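A short worksheet on the structure shown next.
The values are calculated or read from the model by the stated rules, or taken from the named source; none is laboratory data. Quantities reported herein were computed from a predicted structural model and do not represent experimental measurements. Note: ideal-geometry Cβ built from the backbone for every residue, glycine included; neighbour counts use all protein chains shown. Just so you know, the surface numbers come from the protein's heavy atoms only, side chains and all, with ligands and any DNA or RNA stripped out. Shrake-Rupley method; radii C 1.70, N 1.55, O 1.52, S 1.80 Å.
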Amino acid sequence: MLNGVNKLQVKGEAMKDIYRGTLVRLASESPETMAKTFIKWDRDSEFHRLADSAPAQLWSEKKLKDFVEKGQEKQGDKSFRFSIRTLENDILIGSTGLWIQRWSQGDAWLGIFIGEREYWGKGYGTDAMRLIVGYGFSELNLRRITLGLHSYNERALKSYQKVGFQLEGRVRGEGIRDGVRYDDLYMGILREEWLALTK
Amino acid sequence: MLAIQTQLFEAKDVRFGPIDHETHPEVESKWTHDAEFMRLMELKPIRPLSPAMVKKQYEAIEKEMEEDKNLYYFTIQTKEENKFIGKALIEWIDWTNGNGFLRLGIGASEFRRLGLGSQALSMLLRFAFDELNLYRVTAVVPAYNEGAIKLFQKFGFMEEVRRRKAIHRDNEFWDLVSFGLLNAEWREQVTGQG
């Protein structure tokens, strides 16, 4: 009886599928599938240089599979990772996750990338962003979420702003590529800001 | 001009030294029982550590220094009595991009507010810029640590990032502030040439 009452009362929110957006869904992959996809995306150096500040490098499929396996072992402890699949045709297009530095502070770092180039600039990443941020606040009960990006990644900046992230600062010359120093931007969204946006 | 005759690890009243696995664990264990100091130094939940636990940490630190090569860790000692009073370090060094994160603290409370942290920071910056050849350094400080903020501002650090309400302490919310100093800015201060 009590169960029945609870279900009715929370139906509106809790019954919502938090893994499903309008264009994509969050999923989990076998290490084999993920490694096969990563080895393809890794060859696209522009993709790597948009998403990461570590030097671009090429790993074997075996090593990539090991990385994914290791990540999955730690899943749910301090990291929460998902693959991103399109609702239409169920295509694996990217990956996203939250990394919690200190549970006591309720703050997490967000990472996201769309490896499939045909899905850049069409709202797929932004849709996935709303899902992962929603997961952080409604499932992990975070207080805030932080992310960083290279200042030359304008597409990412626009997407993060659309989702509700605010610019919190600019680290001068944090990286250098092709002989050019660039800044990194840091953004954050507070729980109360997200709740106000999604009310 | 090369300045190899100017000692890297000697300042007016303090010097940098290595870890001493015999005598330091006892001293540092005492500091970890000082909650006020620990909450200024650490963002993670603090807890007191026994000398044996500190010794384990030292072993992990030297292992990381040897294997990952992205950490430089110094103890701060008084020149007069060779007393271990604090620590100074550069961590998470990203060699490709030439940046690293600084941290320092004077654990021995009777040696605070004497300008010794300032002397240690001076040495740490010269080490970062003239020995490691970093392009920039970052220091991350919670907004309630006014002493540290004043120290970094005195050395010309610029506030770059302010993570709003990132720190929750005693039912209050504080910003987490990052300060940055570029090699060229530091050089201009010490030599008058950018």
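Points worth noting:
- 5 Å binning of all Cα-Cα separations within the range B:1-91, expressed as whole percents from 0 upward: 3, 12, 19, 22, 22, 13, 5, 2, 1, 0
- Local electrostatic count, A:TRP41, Cβ distance below 15 Å [Lys/Arg +1, Asp/Glu -1]: 0
- In this rough spin-label picture, where each label sits 7 Å from Cα along the Cβ direction, the A:GLU139-B:ASN133 distance is 4.6 nm.
- Across B:LYS12/B:LYS55; A:LYS40/A:LYS122; A:LYS78/A:LYS158, pairs whose alpha-carbon gap is larger than 24 Å: B:LYS12/B:LYS55; A:LYS78/A:LYS158
- From phi via Karplus (6.51, -1.76, 1.60), per-residue ³J(HN,Hα) for the range A:28-35 in Hz, x at Gly/Pro: 10, 10, 6, x, 4, 4, 5, 5
- Solvent accessible area, Å² - A:MET34, 1.4 Å probe, full protein context: 10 Å²
- The modelled label-to-label distance for the pair B:LYS56/A:ALA54, using points 7 Å beyond Cα in the direction of Cβ, is 2.7 nm.
- Chain lengthening between A:LYS63 and A:GLN161 when straightened (0.36 nm per residue, less Cα-Cα): 31.8 nm
- Unit charges at the beta carbon, dipole of the range A:11-107: most positive-side option, A:LEU87, A:LEU98, A:SER53: A:LEU98
- Accessible surface calculations at 1.4 Å, restricted to protein heavy atoms, place chain B at 54 Å² per residue.
- Each semi-axis of the equivalent ellipsoid for the range B:147-189 is √(5λ) with λ an eigenvalue of the Cα gyration tensor; in descending order they amount to 27, 11, 5 Å.
- Using distinct alpha-carbon pairs, which all enter the 1/r mean, Kirkwood radius of the protein assembly as shown in Å: 23.5 Å
- With coordinates expressed along the principal axes, the C-alpha atoms belonging to the range B:35-155 extend over 38, 35, 33 Å, beginning with the largest.
- Leaving ligands and nucleic acids aside, the A/B contact buries around 2200 square angstrom of accessible area in total at a 1.4 Å probe radius.
- Exposure rank, largest accessible area first [B:GLU36, B:GLU10; 1.4 Å]: B:GLU36, B:GLU10
- Working note: 222 nm ellipticity from helices only, DSSP H runs with n ≥ 4, each -39,500 (n - 2.57), summed and divided by the residues of chain B, gives -9500 deg cm²/dmol to the nearest 500.
- Shape summary: the range A:14-143 maps onto an equivalent ellipsoid whose semi-axes, from the alpha-carbon gyration tensor, are 23, 19, 14 Å in decreasing order.
- By DSSP, the beta bridges lying fully in chain A are antiparallel in about 90 percent of cases.
- Measuring max minus min along each principal axis, the C-alpha atoms of the range B:61-123 give extents of 39, 22, 17 Å (largest first).
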